[in-house]
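Nothing in this text is a laboratory measurement; each read-out follows from the coordinates by a stated rule. It should be emphasised that the depicted structure is a prediction, and the values quoted were computed from it without experimental measurement. All Cβ positions, even for glycine, are placed from backbone atoms using ideal geometry, and neighbour counts span all protein chains on display.
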Amino acid sequence: MRRTRTRRRSAPLLPGRRTDRLEDLVAWALMSLGLFAVLGSVLLGHAAYDAALGRGAPPSPVRAVLLADAPRAPAADQRVPTLQQLARVTWTAADGVVHVVEVRVPPAQRAGSAVTVWLDRAGRVVVDPAERSAEAVAFGVSAALAVVALSWAVLSLLWSTVCRLTAAHNAAAWAREWARVEPRWRRSAL
């Protein structure tokens, strides 16, 4: 005996209703937009990092001398205690001008101690590059996460709108079909 193979008809690749095909198409489009949003958030986060870090000339260190003892503990009125305290320091610039400013220094340092002050090209006191880098990373990550969250919210809103509209369309189609079939069904049930 010889066996014959019967060929089964394969299921269609796409669902039969137009609303199902529309939902599939929108799902693919929104997934693609979501991936582009992730890529965009990475690029925006990197740009925000660069902007926060600044791409000018790197600050230069200057040796300064502490004029008075740095406070030992954070002030009682500080809401968020910091590891560094404000203290007055002095240094002499290359042109011979003596500068006196308040900068953040580690606590409990004695007057006359050497501290490092960072200056930009114009001679203004700037934040320590290590601290500036940490702030830039936090800013870049925050910007990237904000873009991802906003994109997720917009794409979720679009998806729920499409689902609501297709469900309403399907319900209306089912109601029309039932209105057409119900009289025949009722007669055959009696």
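Scalar couplings 3J(HN,Hα) for the range 158-171, obtained by applying the Karplus form with A = 6.51, B = -1.76, C = 1.60 to θ = phi - 60°, are 4, 5, 5, 5, 4, 5, 5, 5, 5, 5, 5, 5, 5, 4 Hz; x denotes Gly and Pro.
Please give me, ordered by residue number, the trypsin sites (Lys or Arg not before Pro) of the range 124-190 that lie in loop per DSSP and have at most 13 other Cβ atoms within 10 Å.
Of the trypsin sites (Lys or Arg not before Pro), the ones in loops of the range 124-190 whose Cβ has at most 13 other Cβ atoms within 10 Å are ARG124.
Fully extending the segment from LEU145 to PHE36, taken as 0.36 nm per residue of separation minus the present Cα-Cα distance, adds 37.8 nm. Give me the net charge for the shell around ALA93: Cβ to Cβ below 15 angstrom, other residues only, Lys and Arg +1, Asp and Glu -1. That sum, taken over residues with Cβ under 15 Å, equals +1. Charge tally for SER60 (other residues, Cβ to Cβ under 14 Å; Lys, Arg +1; Asp, Glu -1): +2.
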